[in-house]
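Visitor: Please find one structure pasted underneath; my questions will follow.
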Amino acid sequence: MPVTHVDGGRVTLTHPKGSSAELLLYGATVISWKSGTTTEPQPIERLFVSSKAALDGSKPVRGGIPVIFPSFGAPTHPEHMRLGQHGFARSVVWTFDSIVMDNDAGVSVRLTLEPTADITAKYDKSFHLAYVVTLAEHQLSTDLHVKNTSTSTTYPPDNLEFQALFHNYIRAPANDVLVFPLQDKKYYDKTEVSEEARSKPKVETRAGVDVRQFTDSVYEDAGGKYEVTWPGGGIEIKVRELKDVVVWNPQEAAGSKMGDMEDGGWEKYVCVEPGYVRGFAKIEPGKTWIGQQIMSVIHHERRINQ
Ligand code: TA6
């Protein structure tokens, strides 16, 4: 069967052509995506998960694709102030809803999340989330459907204001990675020491962005199509509605202080995270917002002098 439940808390998708994906119901976290390319058909792991990551639901997974909702980073919206770093979606158990597709075109599953008592205690908005993960021969896509389920008819309307992001840990030789095309894009450098400097926009001057230094950059209105490349490999990411993108690698100084980061783990991945994180998406009661990413494996030989 191309979709299997493994020990209840996990779902495995297997494509007829050999690619596979594995998700935890905890956080709807994709923890594995194995795929080949047209020139190198042998499926290999495309995501990084730290060997010290907790996979038992005790804390958010250090790796894979954590789902970030309704807030990115430290909360700033008045409705989010009781939430922790990166909101709650990545640290609650989702429900397996259905198999959406299961054929040569792809294998797709749908997970859902509705307010529980624990969530409502910290976040008392009406919402319904559906997360659709689709595995194709050389692609993985993730769609987050956010519905405002408020039945309020008050004025002003009971809008749902949120941020959302796919926190992709892309397996790659970090010090050889270049991310395109971000040149001339406005970004916020979260490695700056002062809040004032972190809040002041910069403009990217590099044709290809590397992460050889500690990098934590939030690119605003970044274009929606990215290539994460390294000698002989790469991942293309195309998005819908996710207007911003974060590029993050802690390198050793910050990475070695993370309890669930394996030794040298920072050398094995780059986070390229499409999201809506500058400002807030807003939907009226009854409306639905859909944020999508499509990740494709590319065989890439591309280096550029910076
Ligand atoms: O997406 C980049 C970032 O916001 C970094 O600032 C760093 O905190 C990273 O996320 C990991 O956050 P976490 O809460 O998973 O340790």
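The values are calculated or read from the model by the stated rules, or taken from the named source; none is laboratory data. Worth saying up front: this structure is predicted, and the values here are computed from it rather than measured. Cβ atoms come from the backbone with ideal geometry, glycine included; neighbour counts cover every protein chain shown. Ligands, DNA and RNA are excluded from the accessible area calculation, which covers all protein heavy atoms including side chains. Shrake-Rupley method; radii C 1.70, N 1.55, O 1.52, S 1.80 Å.
Visitor: Identify all residues within the range 270-306 that are at pLDDT 95 or above, closer than 23 Å to Gly36 by Cα and of a type in the set (Val, Ile, Thr); write none if there are none.
Guide: Val270, Val272, Ile294, Val297
Here is a yes/no grid of residues against (1) modelled with pLDDT of 95 or more; (2) on the phi < 0 side of the Ramachandran plot; (3) more than 16 Å from the ligand (Cβ to nearest atom):
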{"residue": "Ala89", "(1), (2), (3)": "yes, yes, no"}
{"residue": "Trp94", "(1), (2), (3)": "yes, yes, yes"}
{"residue": "Thr112", "(1), (2), (3)": "yes, yes, yes"}
{"residue": "Thr116", "(1), (2), (3)": "yes, yes, yes"}
{"residue": "Ser126", "(1), (2), (3)": "yes, yes, yes"}
{"residue": "Ala136", "(1), (2), (3)": "yes, yes, yes"}
{"residue": "Ser141", "(1), (2), (3)": "yes, yes, yes"}
{"residue": "Thr153", "(1), (2), (3)": "no, yes, yes"}
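Visitor: Counting just the residues of the range 245-295 that are open to solvent by 20 Å² or more (accessible area, probe 1.4 Å) and within 11 Å of the ligand (Cβ to nearest atom), which one comes out nearest to the chain's Cα centre (by Cα)?
Guide: Trp248
Visitor: Looking at the range 219-236, which of its residues are under 18 Å from Asp176 (Cα atoms) and either open to solvent by 10 Å² or more (accessible area, probe 1.4 Å) or among the hydrophobic types (A, V, I, L, M, F, W, C) (or both)?
Guide: Result: Glu227, Val228, Trp230, Pro231, Gly232, Ile235, Glu236.
Visitor: Another one. Need a quick list: strands (runs of 3 or more DSSP E) entirely within the range 113-218 having at least 2 residues that are buried (at least 16 other Cβ atoms within 10 Å of the Cβ) and in contact with a His (Cβ under 6 Å, 6 or more places away or on another chain).
Guide: Where strands (runs of 3 or more DSSP E) fall fully within the range 113-218 and carry at least 2 residues being buried (at least 16 other Cβ atoms within 10 Å of the Cβ) and in contact with a His (Cβ under 6 Å, 6 or more places away or on another chain), they are 127-135.
Visitor: Still on this structure, please answer the following. All but one of (1) open to solvent by less than 70 Å² (accessible area, probe 1.4 Å); (2) over 18 Å from Gly275 (Cβ atoms); (3) within 15 Å of the ligand (Cβ to nearest atom); (4) not charged (D, E, K, R) hold for Ser58, so report the exception by its number.
Guide: (1)
Visitor: Cβ-Cβ below 6 Å, separation at least six or inter-chain, first residue in the range 73-102 and open to solvent by less than 50 Å² (accessible area, probe 1.4 Å), second assigned to a helix (DSSP H, G or I) and away from the ligand (no atom under 12 Å from the Cβ): which pairs?
Guide: Leu83/Lys122; Phe88/Ile119
Visitor: Suppose the filter is open to solvent by less than 10 Å² (accessible area, probe 1.4 Å), under 15 Å from Val133 (Cα atoms) and either of a type in the set (S, T, N, Q) or within 16 Å of the ligand (Cβ to nearest atom) (or both); does Gly64 pass it?
Guide: Details: open to solvent by less than 10 Å² (accessible area, probe 1.4 Å): yes; under 15 Å from Val133 (Cα atoms): yes; either of a type in the set (S, T, N, Q) or within 16 Å of the ligand (Cβ to nearest atom) (or both): yes.
Yes; evaluated as a whole, the condition is true for this residue.
Visitor: I'm trying to understand the selection: among the residues of the range 16-45, which are buried (at least 24 other Cβ atoms within 10 Å of the Cβ) and not in a strand (DSSP E or B)?
Guide: Matches in the range 16-45: Ser19, Gly27, Ala28, Thr29.
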